[in-house]
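Structure record follows, encoded as structure tokens.
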Amino acid sequence: MRIYADRFPAAARQLLTDLLVLAWVYLWIRAAMWLHDLVQKLAVPGQKLEGAGGGLADNLADAGGKVGRLPLVGDELTAPFERAADAARSMADAGRDQQALVGDLALALSLALLVFPLALVLFGWLPLRVRWMRRAGAARALRAAPAGRDLLALRALASQPLPKLTRIHPDVAQAWRRGDDATVDALAALELRALGLRAGPVRR
């Protein structure tokens, strides 16, 4: 199965469209990454809070340990340091929680930003692209089959605009029923050209 058409104008349009779609996806991914980084800056206060709380807790615990070695009154003097160290650890935990919340928010907003543009690609452009590849593959197979041109001519009668059909023959349907070779070949070529494919050798 080929990805692009045989004829230059159609192939050029397909290639240009594919490049534009890739650029579209790239730009939106970059925008989502930028938004993620921007929201992540909100986690800076949480990082500072975690660092300050953790450092303070370590210092208080160290001071409490030294005070606890004092004879007679050491145990009584240690308790306030332990309570202060616990409070500092709670402050550090709050900083970590804030960072986790900001990280989840940054991820959710980035994904939300990507939903619509990627949905356009997945449910708009991609099905049309795959549909063309399937139709073009079937048309190529019919082009090479003995009776394929008759089937291509029939499809042209069913799907091509009337002005194009009447340019082939004033009574194109009757000519096709008679099996007029020139009419069948012209109809088949019309259907192939509509898909961007070359008509191939004319049947004799």
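The values are calculated or read from the model by the stated rules, or taken from the named source; none is laboratory data. What you see is a predicted model, and the numbers here were worked out from it, not measured in a lab. Neighbour counts run over all protein chains shown; Cβ positions are idealised from the backbone, glycine included.
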Return a yes/no flag: does the stretch 32-45 have any residue that is modelled with pLDDT of 85 or more, of a type in the set (Lys, Arg), closer than 30 Å to Glu191 by Cβ and part of a helix (DSSP H, G or I). no
Return the residues of the stretch 99-133 that are in contact with a Leu (Cβ under 7 Å, 6 or more places away or on another chain) and either over 30 Å from Val21 (Cα atoms) or not hydrophobic (A, V, I, L, M, F, W, C) (or both); say none if nothing qualifies. Val102, Ser110
Verdict on Leu162 being outside the structural domain of Leu15 (by TED's automatic domain parsing), modelled with pLDDT of 85 or more and within 20 Å of Ala10 (Cβ to Cβ): no
Check off (1) without any contact (Cβ under 8 Å) to a residue 40 or more places away in the chain; (2) more than 30 Å from Leu38 (Cα to Cα); (3) out of contact with any Phe, Trp or Tyr (no Cβ under 9 Å at 6 or more places or on another chain) for Leu157 and give me the number that stays unchecked. (3)
For the subset of the stretch 1-12 comprising residues that are assigned to a helix (DSSP H, G or I) and in contact (Cβ under 8 Å) with a residue 40 or more places away in the chain, which member is nearest to Glu191 (Cα to Cα)? Ala10
